[in-house]
Structure formats: structure tokens, C-alpha cells
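**Q** This structure is in C-alpha cells; I'll ask about it shortly.
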């Protein structure tokens with residue numbers, strides 16, 4: 001009896017020609033994840049176009065130019081005759097920046113007067129310019145330490161490698177976390193949609209009847225299928241994204257998959273709580289979007305959590321995404337202590353239990369309220385029909 005009620009309710013919720021639900025549950029998360037993985041599949045920042053204004057035609061200027069050309073991050077596209085030529089190239093977008101070898105550069109250096117080499121960068125692309133200016137400073141500092149050594153015909157080349165990212169691409173730095181963030185938000189929105197549409201369509205009485213009169217059966221039929229489907233999608237996209245990174249051991253895979261599962265349960269539970277609090281799909285979806293959309297910015301993947309203000313650190317702590325990304329980072333490093341991952345896992349389990357228990361209590365109250373409302377609506381309709 002209970003099994004029949006459970007299956008009937010699942011069929012009614014998930015297989016009743018509900019296109020919007022399956023778009024939200026499957027098509028959008030997977031589609032956006034694959035798009036994100038493809039978008040960040042290129043290599044890390046290399047060959048940033050820069051220019052040089054050589055006011056000083058000396059051996060030191062030639063040596064600095066040679067050093068800059070040997071860097072894989074930089075690509076000297078132009079040797080400008082004056083500053084205005086390079087400035088116009090930056091404005092056009094042909095260059096990301098340029099530097100000036102000033103007059104008397106070598107003579108000042110030999111006199112130990114520490115000549116200044118101005119660097120001008122575009123204000124349009126902060127992240128790219130940060131890579132370029134950092135590399136320029138590094139190259140010039142290295143060359144400065146060799147001022148009194150013999151000039152090298154072929155300077156040492158530099159190769160960029162990343163620990164745990166064998167292919168040196170952005171998938172290991174951003175896409176991996178962004179895919180998790182997509183499902184972090186999707187779980188909230190799906191939780192809102194699945195539990196709110198019976199309230200919106202005034203079908204609570206009907207859904208409980210399909211569940212054999214059991215609210216627990218209705219709860220299980222509503223919550224578990226969406227969480228399992230989202231979790232399988234997450235693990236699939238996770239595995240697809242991870243194919244270019246260092247291979248996971250079995251223990252690392254189990255830890256990562258478990259973290260994803262509890263994140264999905266916690267986020268869908270939070271979405272259900274929004275429905276229980278607001279009682280309206282539109283407001284609950286808005287709350288899920290406001291909290292879930294910017295989560296990646298606060299999760300420590302792009303900016304260290306410990307450097308954030310205290311209030312922001314508190315907000316980051318209550319986001320399941322923060323703890324999932326901590327576990328993912330630990331698993332990516334490999335051969336490290338699993339204790340930090342277990343601490344994050346305990347927090348995720350606590351979040352999943354807390355949000356789902358609170359959501360169940362709030363939804364039970366909402367169901368009671370709507371059962372009374374639907375009963376009154378039925379009485380009014382019967383009275384009108386008799387009249």
C-alpha cells in the first residue's frame with residue numbers, strides 16, 4: 001500500500017507531462033555545465049600581447065627585450081616608435097599594455113641609479129593585465145640581477161605547470177567549481193518548484209490522495225527523486241570535467257561524490273524552506289536566486305575566505321558550496337590528510353539534515369493550511385452548484 005502510494009505520487013509529480021520541471025531538473029543544469037566546461041577549456045593565460053617603446057638603443061634594452069620574448073605569458077607584438085603609437089594600440093585592443101625603455105637606461109643602470117621602467121596597461125581587462133604586469137615585473141627583476149653577467153644568446157625558456165592540473169587549462173581552476181555552483185543553484189530552484197507547484201495549483205488534497213493519505217509518503221516522493229537525479233547529473237558532469245585533471249583514487253572519488261550528494265540535499269532542503277516561509281513560488285524562487293546565484297564568489301575559489309570581512313565569512317560558512325569546494329580542492333591535491341575533508345563533510349551532513357527537517361516541518365504546516373483552504377473552496381463550489 002505504501003509502495004503503491006509512493007510510486008503513484010512519483011509518477012504524478014515527475015511524469016505528468018511537466019516540461020518545466022524536467023527543463024529545470026535535467027536540461028538546464030547539464031546544458032549550462034557543458035557550456036561552462038567548454039568555455040574554460042582553453043589554456044591558462046599565455047601570449048598576452050604587449051608593446052615596447054625603445055627610447056634607449058643599448059645592449060641592456062636588447063637583453064630585457066630578449067628576456068621578455070622568452071616568457072610564455074607575454075607576446076611582444078609591437079616595437080613602437082613613440083608612446084602614442086602604443087597607446088592607440090591599447091585603445092584599439094591590439095595590445096593589453098606596453099612598457100618604455102627610457103633614455104639612458106643602460107648608463108643609469110651601470111651607475112647603480114636604479115632606472116625606472118614605466119609599464120602602462122589597459123584598464124579594461126583587470127585579470128589579464130594582472131597576469132601580464134606580474135610577469136613583466138618578474139622578468140625585469142630577474143634580468144636586473146644579471147646586469148653584470150655575460151649576455152646570453154638564448155635565455156632560459158619558462159614552462160608553466162600547475163599541481164593537479166596536467167593539461168594546464170582553466171577547467172581545473174574555474175570550470176570545476178562553477179559546475180558545482182550550477183548544481184548548487186539548480187538544487188535550490190528545483191526544490192522550490194517541486195514542493196511549491198501543488199500549493200500554486202491548489203492540488204495538495206489530490207497529491208495526498210495519490211500518496212495514500214500519507215504526508216510522509218508525499219514528502220519522500222517529492223524530495224528523493226529530484227535529489228537522486230540531480231546527484232547523478234552532478235557526478236556525471238564532475239567526471240566529465242575531471243577527465244583532464246589528475247586521476248582520483250577510489251577513496252577520493254567516494255568522498256567527492258558523497259560531498260556532492262549532501263550538497264544537493266542541503267540546497268534542495270533550503271529551497272523547500274523558502275517555500276515553507278513564503279508560501280509563493282515566485283518569492284521562494286527569488287530568494288533561492290538571490291542566495292544561490294552569487295555563491296561562487298563567496299566560496300573561496302576566486303578569493304580567499306579568510307581575507308573577507310567577518311560578516312561575509314559567516315555568509316560563506318553557511319553556503320554548502322563553500323564546504324564542497326574545500327573537499328574538491330583537497331581531493332585534487334592528492335596524497336594529503338583527509339581530516340580537513342571529513343570536517344567539511346560533517347558540516348555538509350549537518351546542513352542536509354537541518355534544512356530538510358526544517359523544510360518538512362514548514363511544509364507540513366503549509367499542507368495543513370492548504371488542505372483547509374481547498375476544503376472550503378470545494379464547499380463553496382458545491383454550494384454554488386446546488387444553487
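**Q** Ranking 323, 184, 88 by Cβ neighbours within 10 Å, fewest first, what do you get?
**A** Values: 323 27, 184 30, 88 12.
Ranked by crowding around the Cβ, least crowded first: 88, 323, 184.
**Q** Still on this structure, I have one more. Using 0.36 nm per residue, how much length does the chain from residue 83 to residue 200 gain when fully extended, once their Cα-Cα distance is taken away?
**A** Values: separation 117, 0.36 × 117 = 42.12 nm, distance 6.46 nm.
Extra length from residue 83 to residue 200 when fully extended: 35.7 nm.
**Q** How high is the FRET efficiency between residue 137 and residue 313 when r is their beta carbon distance and R₀ equals 45 Å, given to the nearest 0.05? Please report the intermediate quantities before stating the final value.
**A** On the way: r = 31 Å, r/R0 = 0.68.
Efficiency computed from Cβ-Cβ geometry: 0.90.
**Q** Just rank 82, 62, fewest to most, by other beta-carbon atoms within 10 angstrom.
**A** On the way: 82 10, 62 15.
The most exposed by this proxy come first: 82, 62.
**Q** Run the numbers for residue 214 and residue 303: contour at 0.36 nm per residue of separation, minus the present Cα-Cα distance, in nm.
**A** On the way: separation 89, 0.36 × 89 = 32.04 nm, distance 4.68 nm.
Separation in residues times 0.36 nm, less the Cα-Cα distance, equals 27.4 nm.
**Q** To continue, here is another question. Arranged by the count of other C-beta atoms within 10 angstrom, fewest first, what order do 217, 195 take?
**A** On the way: 217 24, 195 29.
In increasing order of surrounding Cβ atoms, one gets 217, 195.
**Q** Using a Förster distance of 41 angstrom, determine the FRET efficiency expected from the C-beta separation of residue 376 and residue 338, and round it to 0.05.
**A** On the way: r = 56 Å, r/R0 = 1.37.
The computed FRET efficiency comes out at 0.15.
**Q** Still on this structure, I have one more. Quick check: the distance between the Cα centres of the stretch 283-324 and the stretch 198-257, to the nearest angstrom?
**A** 22 Å
**Q** Please give the contour-minus-distance gain from residue 103 to residue 27: 0.36 nm per residue of separation, less the Cα-Cα distance, rounded to one decimal in nm. Working shown, then result.
**A** Numbers: separation 76, 0.36 × 76 = 27.36 nm, distance 6.11 nm.
Gain on extension, residue 103 to residue 27, equals 21.3 nm.
Values in this text are rule-based calculations from the coordinates and carry no lab data. Just so you know, these numbers come straight off a predicted model, no measurement behind them. Backbone-built Cβ (ideal geometry, glycine too); neighbour counts: all protein chains shown.
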